[in-house]
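Data block below; observations after.
Each reported figure results from applying straightforward, stated rules to the coordinates on display, with no laboratory input. Worth saying up front: this structure is predicted, and the values here are computed from it rather than measured. Heads up, the Cβs are rebuilt from the backbone with ideal geometry, glycines too, and the neighbour counts pull from every protein chain shown.
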Amino acid sequence: MARTVFNEDRCKGCGLCIEACPKKILAFAEHRLNHNGYQPVASLRPGECTGCAICARTCPDVVISVYREARSAAEATVQGADL
Ligand code: SF4
Ligand code: SF4
């Protein structure tokens with residue numbers, strides 16, 4: 001399970017993250033403007049987010065934070081080689 005958080009007032013509406021998201025779940029928020037008068041980006045289907053963080057790495061203004069659930073202790077042990 002992953003979660004994206006948008007610092008909306010930093011968004012300048014460039015759309016780079018919308019193009020970059022492989023799941024195509026980002027879009028400009030309708031009927032809403034941010035502090036600087038831009039339509040900010042929002043997730044249309046948050047449940048489909050994989051947590052890949054491509055959007056966050058693409059955004060030049062550091063608007064997006066991506067949170068993923070920590071791996072379980074058992075999984076961490078099994079995959080210890082890549083920790
Ligand atoms: S983390 Fe990946 S899947 Fe989720 S919104 Fe960003 S680019 Fe799309
Ligand atoms: S890349 Fe960043 S600044 Fe550009 S639309 Fe997306 S969140 Fe806004």
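Tally up the residues in region 1-45 that are near ligand 1 (Cβ under 9 Å from one of its atoms), surrounded by fewer than 17 Cβ atoms within 10 Å (Cβ to Cβ) and of a type in the set (A, V, I, L, M), please. Here the count works out to 2. Within region 4-51, the only residue that satisfies the criterion of being touching a Ser or Thr at 6+ places or on another chain (Cβ under 9 Å), outside any loop (DSSP other than H, G, I, E, B) and of a type in the set (D, E, K, R) is Glu19. Number of residues in region 1-24 that are touching a strand residue (DSSP E or B) at 6+ places or on another chain (Cβ under 7 Å) and under 13 Å from Ala53 (Cα atoms) equals 7. Residues in region 46-69 that are within 10 Å of ligand 2 (Cβ to nearest atom) and surrounded by 15 or more Cβ atoms within 10 Å (Cβ to Cβ): Cys55, Ala56, Thr58, Cys59, Val63, Ile64.
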